[in-house]
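J.: My questions will all concern the structure given below.
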Amino acid sequence: MSQRGRLMLTLAAAMLPLVLLALGLLWRDAQAVENRIARDRVALAQAGALTVTAYLEGNLRTLQVVAAELAGVSPQEARTLQPWLSLKQQSNPWSGLGIHDSEGTRLVGTLQQSPEAPPVSISDRGYFQRVQETGEPTVSNAVIGRGTGRPTVVLAVPLPMADGERGVLVAPIHLESLSTGMLSALGADGVRVMLVDGAGQIVVHPDPEQVANLTSMADREEVLASQRGEMGSLIGDRGGVQRLVAYAPVPSVGWTVVISEPSSIAFAPARELLLQGAGLLGVTLVAVLAIGWVLGGLVSRSYASEQRARQDAELQRRSAQDSQQRYADLVDGLDGVVWEARADDLTFTYVSPASESVLGHPADYWLAGPSRWGDQMHPDDAAFTLEHCVAELREGHDHSCEYRAIHADGRVIWVADMIRATLSDDGSAQLLRGIMIDVTARHQVEEERTRLLSAEQRARAEAEDAVRSRDEFLSIASHELRNPVAAIKGTGQLIRRLADRGSLSERAEREYLDTIVRTSDRLARLVEDLLDVSRLRGDQFQLRMESIDVATLVREATSTEALAGREVRVDGLEHALELLADPDRVQQILQNLLENAAKYSPSSTPIDLVVRVEGGRLEVAVTDYGIGLPPGSERTLFTPFGRAPNAVSANIPGMGLGLYISRRLAEAHGGTLVVQSAGEGHGSTFRLLLPLAPVGDPNRAVGVMGGVTT
């Protein structure tokens, strides 16, 4: 072997370890670049999943608000709402809007239907069945629309209808808007962005035919992994082409976002780096073995190659930064707060800028110190949320919770937090990542629905009370009116029979006619009481005010036939006293009180009537020593047809209208009527209180007492 050969062999032997070491380093760097590229694609898929979640959640919340506006609608009313539904549809990205009853039959919708066509039914649709079973809003997997024949995703929310029936409000969505948004935000040259529903059907794809045919990817490894709640990347053969596939689940609906790119394009920077390094080493080795003077040039070329390698690395770094910026732009544009916190002490490590619009504090506020999560919760919700929610997360369980939070301006808002735990190697939670959405509007709708339900229940109870009052009125009125009518008829028939036989004496005729007159007066009084109740309830009652002498009123009230033979002791009329009032109505009140006292007390006991003036008011107290009142009966005594239980049990006749009318008449004069009783068997005292000056004219003199104008 020549000297040159030995030199070349020596040089080759000396360079071999360096070459092997350089190849190893080049391989490691290329693998690091590939791993970083794969992580970037996974982050991009996760951003797409957040975009889909925000898009679907926003549309569901909007559809729930529409359902709240329709709450309580009857099927007949629903069929008239097509123009209203069309307006709602036009302001949203829905291709239709329809109301279906609890059997799934469409009552009304914005999609036109031939009059001869049978009614559209969705009772066999899975999303309809889920809403009926759970009462919760749902998003369907892709289906072929029966009205359009196009692939469609259907939003469905429960709709409370009349008579307690649960209908369903549905809104189909053609996903062009979401597809356009995802492809423009996530796509790039050679990158394929796909969205797969829970059944494994493609609903977003750069190729429209894939969507039109609902091509299935249910058996793909990435879809199966996503449906287990995993996200990551893999290298797979797709249509004879090796592709880098990144995937992330959409937790709220069980869908999958898939980012696919040919491996040759995705890993081109890494392979270019590897090939350039290998070529450099090959040239170096050949140069060393070939000739020594090439070594200097090789070193120069090696330096140039290193420069290019650094430039390529810089390009890769910038590409990674661009990917991260696109991810940040997507997160910042979401209608919710994306955040990350340490699981051990809940200290935030990342909070998206949307925190300022949702909670009023900028992102720097949350990152400035220790955990501020619990500080912003409502005091009534903080303990339970932190104990229950965080305990679930620290055990590695994904969790969703709703709670009240305090906005920076002091308002109380409701937020929904969807949280996922990132586990360490030992299975414990290391990081918590979530998205926080303002759901105050939905809670306000639910509170308004509760308030309307309570109002409806109160109205129903009042209606039932009115029906009971009507039935009581019919029963009592028929009984009370039948007796005087029967007495008048019987007396008239008796007069006719006696007259026919010629045995009707003048005295008997006068007595019978007196009986008819008295009974007719009683009947007229009953009818007048019923008319008074009607006038008082309809606010059609008028008073004829004039100056009247109180002593005259008392004297006339105590001299009625109903008080014949009863001792009425009157006190307090030593001085002249005048009152501005309706004399007939005040007389009616006094007669009711005196006749009630006579009716509910033994004839051997007196009735006391005391008149006094105190505090600018006239007080007339009527006291009897009869059956008295049981405790608590005062509450119903002044209501229409209200009577004390002991009066009813004693079969004392009466309609229960006199005291109701009397109090309403007293209130019409600006006064009132009250009762006191020591209990059953101890009598009762009714106090009529009337103002001496009329209501609305306090300066007018209406009474004279002891010669002094009051």
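J.: Quick one: net charge around residue 108, please, counting Lys, Arg +1 and Asp, Glu -1 for every other residue with C-beta under 11 Å from its C-beta.
T.: Neighbour charge sum, excluding residue 108 itself: 0.
J.: Just by accessible area at a 1.4 angstrom probe, what is the order of 599, 489 from largest to smallest?
T.: 489, 599
J.: Ignoring ligands, DNA and RNA, what percent of the accessible area of region 570-614 is carbon or sulfur (1.4 Å)?
T.: Reported share for carbon and sulfur atoms: 46 percent.
J.: Which residues among region 371-412 fall inside the zone where the amide N is under 16 Å from a point 7 Å beyond the Cα of residue 345, along Cα→Cβ?
T.: Correct set: 371-375.
J.: With the contact rule set at Cα under 8 Å and sequence spacing of 6 or more, what percent relative contact order holds for region 143-280?
T.: 17 percent
J.: In terms of modelled amide H atoms, which long-range or inter-chain residues lie less than 5 Å from the amide H of residue 120?
T.: Hits under the 5 Å cutoff: 106.
J.: How much length, in nm to one decimal, is gained on full extension between residue 317 and residue 235, taken as 0.36 nm per residue of separation minus their Cα-Cα distance?
T.: 27.3 nm
J.: Enter the Cα centre distance for the pair region 634-677 and region 69-139, rounded to the nearest angstrom.
T.: After rounding, the separation between the Cα centres reads 54 Å.
The values are calculated or read from the model by the stated rules, or taken from the named source; none is laboratory data. The structure displayed is predicted, hence computed values, not measured ones. Glycine also receives a Cβ, built like all others from the backbone with ideal geometry; neighbour counts cover every protein chain displayed. Only protein heavy atoms, including side chains, enter the accessible area calculation; ligands, DNA and RNA are left aside. Shrake-Rupley method; radii C 1.70, N 1.55, O 1.52, S 1.80 Å.
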